[in-house]
């Protein structure tokens, strides 16, 4: 099944005393790349999120947003910087003595210095947090994957239609190619007749020249390979694996065969068909850039 690299998913819920919001979106990219915005204090989840996403997505630039709000009271630890407090206390005593102040250092006075205290949230169970996040994130990622599959199905329809157009034109090229050889023989004979008039000329020499021309202008191998490439394209589009890169390479080979046909042929009708074939191949290539 073809998938595009564009999709979006969102999940929100309350799990184990935490309100969790998870959003994820993806766009085209040559490789897998993830940018995450995670609530402060939960950065340890980034690697787990990346690993989880890579089990579902092989390519694409992924942006995710994760917000976690604790709804229940959590243990908080307040620590005192005793060395700094002692320094403040001694400094205040020096001020009192030197300037003969009536009051000495007090608890109320020391508590006004915020750098004496540090607040630490009690360590959370990382596995428990991950399990809670996963309950919200997994359905959101499912939604993103479904969107990528839906767009992939539309891309397949478009690519299949364009492939049909190209194969129809290849058939016309195969029909015109022998005619081009006959037309060359007639032109050559007419030209020789004009130059020699009623004089006899070597018919065998003409046949030799025509044979050389036919060999140089033959496009059988190229049209056979083109058909083979499109047969391979059908098989790749039926694959359950990500095939975007393989199809991209295959399209390059299609374009190479079309260029060879164009360079070999001296028939105007075939030349016009080659232009149209290359145009359709380019359209397929543009669509393939969206495939995972």
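The values are calculated or read from the model by the stated rules, or taken from the named source; none is laboratory data. No experiment lies behind these values; they were computed from the predicted model shown. Every residue, glycine as well, gets a Cβ built from its backbone with ideal geometry; the counts of neighbours run over all protein chains shown.
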*Among (1) surrounded by 14 or more Cβ atoms within 10 Å (Cβ to Cβ); (2) in contact with a strand residue (DSSP E or B) (Cβ under 7 Å, 6 or more places away or on another chain), where does residue 54 come up short?*
(1)
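Return the total of residues in the range 1-12 being surrounded by fewer than 16 Cβ atoms within 10 Å (Cβ to Cβ) and more than 16 Å from residue 138 (Cβ to Cβ). Before the answer, list the steps.
Start the filter on the range 1-12 by keeping residues that are surrounded by fewer than 16 Cβ atoms within 10 Å (Cβ to Cβ), which leaves 1, 8, 10, 12.
Adding the requirement that they be more than 16 Å from residue 138 (Cβ to Cβ) leaves 1.
The qualifying residues number 1.
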*Please enumerate the residues belonging to the range 13-35 that are at pLDDT 95 or above, within 18 Å of residue 143 (Cβ to Cβ) and either surrounded by 16 or more Cβ atoms within 10 Å (Cβ to Cβ) or touching a helix residue (DSSP H, G or I) at 6+ places or on another chain (Cβ under 6 Å) (or both).*
13, 20, 21, 22, 23, 24, 25, 26, 34
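Return yes or no: is residue 277 assigned to a helix (DSSP H, G or I), at pLDDT below 90 and farther than 25 Å from residue 32 by Cα? Step through it out loud before you land on a result.
Numbers: assigned to a helix (DSSP H, G or I): yes; at pLDDT below 90: no; farther than 25 Å from residue 32 by Cα: yes.
No, not satisfied.
Determine whether residue 118 is part of a helix (DSSP H, G or I), in contact (Cβ under 8 Å) with a residue 40 or more places away in the chain and over 19 Å from residue 233 (Cβ atoms). Break it down stepwise before answering.
Working: part of a helix (DSSP H, G or I): no; in contact (Cβ under 8 Å) with a residue 40 or more places away in the chain: yes; over 19 Å from residue 233 (Cβ atoms): yes.
Considered against the rule, which asks whether it is part of a helix (DSSP H, G or I), in contact (Cβ under 8 Å) with a residue 40 or more places away in the chain and over 19 Å from residue 233 (Cβ atoms), residue 118 comes out as no.
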*Looking at this structure, is residue 41 at pLDDT below 95, on the phi > 0 side of the Ramachandran plot and touching a helix residue (DSSP H, G or I) at 6+ places or on another chain (Cβ under 9 Å)?*
no
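Any idea which of 23, 46 is touching a strand residue (DSSP E or B) at 6+ places or on another chain (Cβ under 6 Å) and free of Cβ contacts under 8 Å to residues at least 24 places away in the same chain? So that I can check it myself, show each step before the final result.
Details: 23 fails: free of Cβ contacts under 8 Å to residues at least 24 places away in the same chain.
Within the list 23, 46, the selection yields 46.
Residues in the range 229-236: is at least one farther than 30 Å from residue 27 by Cβ, modelled with pLDDT of 90 or more and either assigned to a helix (DSSP H, G or I) or out of contact with any helix residue (DSSP H, G or I) (no Cβ under 9 Å at 6 or more places or on another chain) (or both)? Walk me through how you get there before you give the answer.
Taking the range 229-236 first, the residues farther than 30 Å from residue 27 by Cβ are 231.
Of the ones still in play, those that are also modelled with pLDDT of 90 or more are 231.
Narrowing further to those that are either assigned to a helix (DSSP H, G or I) or out of contact with any helix residue (DSSP H, G or I) (no Cβ under 9 Å at 6 or more places or on another chain) (or both): 231.
Yes: one or more hits.
Might you let me know whether the range 73-82 holds any residue that is more than 21 Å from residue 144 (Cβ to Cβ) and assigned to a helix (DSSP H, G or I)? Talk me through it step by step, then tell me what you get.
So in the range 73-82, the residues more than 21 Å from residue 144 (Cβ to Cβ) come out as 73-82.
Of the ones still in play, those that are also assigned to a helix (DSSP H, G or I) are 82.
Yes.
Specify which of the listed residues (93, 100) is more than 40 Å from the chain's Cα centre (by Cα) and at positive phi. Step through it out loud before you land on a result.
Numbers: 93 fails: at positive phi.
Result: 100 is the single residue among 93, 100 that is more than 40 Å from the chain's Cα centre (by Cα) and at positive phi.
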*Return yes or no: is residue 145 assigned to a helix (DSSP H, G or I), within 30 Å of residue 236 (Cα to Cα) and either at pLDDT below 95 or over 28 Å from the mean Cα position of the chain (by Cα) (or both)?*
no
_Between 65, 52, which is modelled with pLDDT of 90 or more, within 29 Å of the chain's Cα centre (by Cα) and assigned to a helix (DSSP H, G or I)?_
52
